[in-house]
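Quick notes on the structure that follows.
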C-alpha cells in the first residue's frame, strides 16, 4: 500500500475550533477547517462530473461537521450541518488536501474574489463599475 493511501492513525474533530485533525504514522499532521473540507468536498455536487463543471462553494465560513462515518477501510464520509453529506473522502484525498492546503486555499480565495462572492453567508459582495471606464 502506497504511503498516501495509508489511513491516518488518528482523526479528531475539534468542534469548538471547527478543525479536523489528522495524524499519520509517518509523523505528518494536518489540521483542516470544516469550511475547507466542505469547499473541497469530493462530491459531484461540488466537483461536477468533469473538468470545468466545478461549482464554487460560497457562504461556508461557519459550516460545521456533524458526523464522521467510516466508509470501509478506505475513506470517511463527512456530514455537514448545511445538509451536505455526499462526499466520500478517501485516505489519499485527505492526504492530498493536507499536503496542498495552502495552495488550494489561496486558489479558492482568488476564485471567490473573481466571482465577487463571499465566504460569509451573511454578506453579499457588489462591485461597482466606474462608468468613465466604459
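Tabulated results
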| read-out | value |
| --- | --- |
| C-alpha center-to-center spacing [segment 76-99, segment 1-73] in angstrom | 4 |
| Helical contribution to [θ] at 222 nm, DSSP H n ≥ 4, -39,500 (n - 2.57), averaged over the chain, rounded to 500 | -6500 deg cm²/dmol |
| Over segment 2-69, relative contact order from alpha-carbon pairs under 8 Å, at least 6 apart, % | 22 |
| Rounded tilt (10° steps) of 101-114 against the dominant C-alpha axis of the chain | 20 |
| Relative contact order of segment 3-133, pairs being alpha-carbon contacts under 8 Å that are 6 or more residues apart, as % | 21 |
| Rough spin-label spacing in nm, given labels placed 7 Å along Cα→Cβ, for residue 5 and residue 56 | 3.7 |
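Readers should treat all values here as calculations from the given coordinates under stated rules, not as data from a laboratory. For clarity, every value in this text was computed on a predicted model and none was experimentally measured. Glycine gets a Cβ as well: all are built from the backbone with ideal geometry, and neighbour counts include every protein chain shown.
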